[in-house]
């Protein structure tokens with residue numbers, strides 16, 4: 001006779017109790033057991049019996065599989081994702097050991113996860129300060145940078161927030177029962193949607209008129225943008241608690257930094273409503289990460305879809321990790337997200353040899369490129385221009401370029417490499433992070449000498465390159 005499988009559900013039971021807002025003593029009274037027994041169950045010091053599992057299901061009206069199938073799976077997946085960091089590469093970490101820690105020591109697991117996130121934020125802050133020192137020779141100011149604060153918060157978490165993904169997925173299912181967002185907002189919140197000319201909106205593209213119970217949209221917005229603005233308004237109405245919970249995990253020196261992050265998280269939730277995690281993750285594999293095809297399938301824009309691809313790192317359900325950047329014709333970066341370990345320039349311009357700076361010559365055409373950094377790392381990127389604004393004659397438009405990329409090892413899964421043999425190593429474009437940090441001395445596109453190299457005088461000979469360097 002096979003041995004009976006013991007069921008340990010400590011993390012799931014604790015989460016259930018906290019969601020219900022009750023104490024261990026309250027739960028013990030409801031289940032007719034001792035409070036110490038509940039405490040032992042939550043610490044995984046006792047297995048859950050079938051009798052108590054049945055009482056939990058009947059008392060709190062929950063599916064038994066919710067508890068029986070949990071077993072710390074989420075915590076295990078999160079811990080395994082953290083332990084993939086290169087800093088742990090020399091430690092022999094068995095998956096079974098990781099599972100044991102996450103299952104039997106949930107408190108220690110949560111402590112380790114918080115500590116790692118704090119470590120990542122501090123590392124990114126140091127990188128920002130170090131890059132500024134290298135680019136300017138000294139720190140120009142100790143004033144806090146709200147944009148850098150927000151970027152560090154997102155980067156430390158790889159722009160992945162499973163709490164928002166799960167809540168948005170449930171909300172998307174509720175919306176589907178009302179045909180569309182307009183119908184749901186009317187039925188659930190009594191809000192009517194109206195589209196008005198730009199002259200009436202007076203500089204706004206979306207406005208919630210609580211007095212008249214209306215959501216007003218600029219009728220110059222395209223369909224994808226209107227849908228996104230409605231989803232964004234819905235996120236502010238129904239997912240504020242989840243956004244607040246995510247924000248509490250960080251610390252901000254400035255109010256503007258927190259507000260920028262809140263705005264980014266709300267936009268994340270809006271995209272997750274339009275492109276729910278489970279359905280979107282399934283679609284990206286079926287369509288081989290074809291951004292245009294995915295955009296059409298989910299009624300989103302090219303940029304919204306590319307942005308959403310950077311968020312597919314939910315523990316246990318990861319897809320290809322991407323980085324994303326958006327620049328204007330002058331090279332100013334207005335959005336930067338990294339889930340693929342790409343070393344973005346934190347100060348100064350990027351490399352002009354990267355196609356993201358050249359696609360303005362071929363509007364709305366996807367340009368693919370293999371990239372090789374000075375240290376030998378290879379990446380694959382696609383770049384294309386996108387347009388914001390417009391919608392009517394004379395209305396201002398803003399042209400930007402976006403690039404979406406991944407490490408070369410994942411490129412074979414993308415439709416864009418279908419006709420390219422191997423990993424394109426021979427055809428990779430040698431680029432640098434930024435001129436001041438790039439030591440490719442033969443680059444004709446260089447705008448500044450690299451830090452630490454002695455420049456040759458040109459009183460006798462002038463090279464064909466922007467700068468000549470001594471061998472010392």
Quick one: which helices (runs of 4 or more DSSP H) sit completely within region 3-58 and have at least 2 residues that are more than 36 Å from the chain's Cα centre (by Cα) and without any contact (Cβ under 8 Å) to a residue 24 or more places away in the chain?
24-31, 35-42
I'd like the full set of residues that are part of a strand (DSSP E or B) and over 10 Å from the mean Cα position of the chain (by Cα), limited to region 299-332.
325, 326, 327
Here are 98, 103: which of them is in a helix (DSSP H, G or I), surrounded by 18 or more Cβ atoms within 10 Å (Cβ to Cβ), modelled with pLDDT under 75 and in contact with a helix residue (DSSP H, G or I) (Cβ under 9 Å, 6 or more places away or on another chain)?
103
The condition of being under 25 Å from residue 248 (Cβ atoms), modelled with pLDDT under 70 and within 23 Å of the chain's Cα centre (by Cα) holds, among 110, 122, only for 122
Which count do you get for residues in region 333-380 that are more than 22 Å from residue 149 (Cβ to Cβ), under 21 Å from the mean Cα position of the chain (by Cα) and part of a strand (DSSP E or B)?
2
Residue check for residue 283: closer than 25 Å to residue 223 by Cα, modelled with pLDDT of 95 or more and touching a strand residue (DSSP E or B) at 6+ places or on another chain (Cβ under 9 Å):
no
Could we say that residue 385 is in contact with a strand residue (DSSP E or B) (Cβ under 9 Å, 6 or more places away or on another chain), assigned by TED's automatic domain parsing to the domain that holds residue 414 and surrounded by fewer than 15 Cβ atoms within 10 Å (Cβ to Cβ) here?
no
Of all residues making up region 246-277, the number that are closer than 18 Å to residue 166 by Cβ and loosely packed, with under 14 Cβ neighbours inside 10 Å
1
What are the residues in region 238-263 that are under 27 Å from residue 179 (Cα atoms), in a helix (DSSP H, G or I) and in contact with a helix residue (DSSP H, G or I) (Cβ under 8 Å, 6 or more places away or on another chain), if any?
238, 242, 243
What number of residues in region 193-237 are on the phi < 0 side of the Ramachandran plot and outside any strand (DSSP E or B)?
29
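The values are calculated or read from the model by the stated rules, or taken from the named source; none is laboratory data. Please read all numbers here as calculations on a predicted model, not as lab measurements. Here the Cβ is made from the backbone with ideal geometry for all residues, glycine too, and neighbour counts use every protein chain on show.
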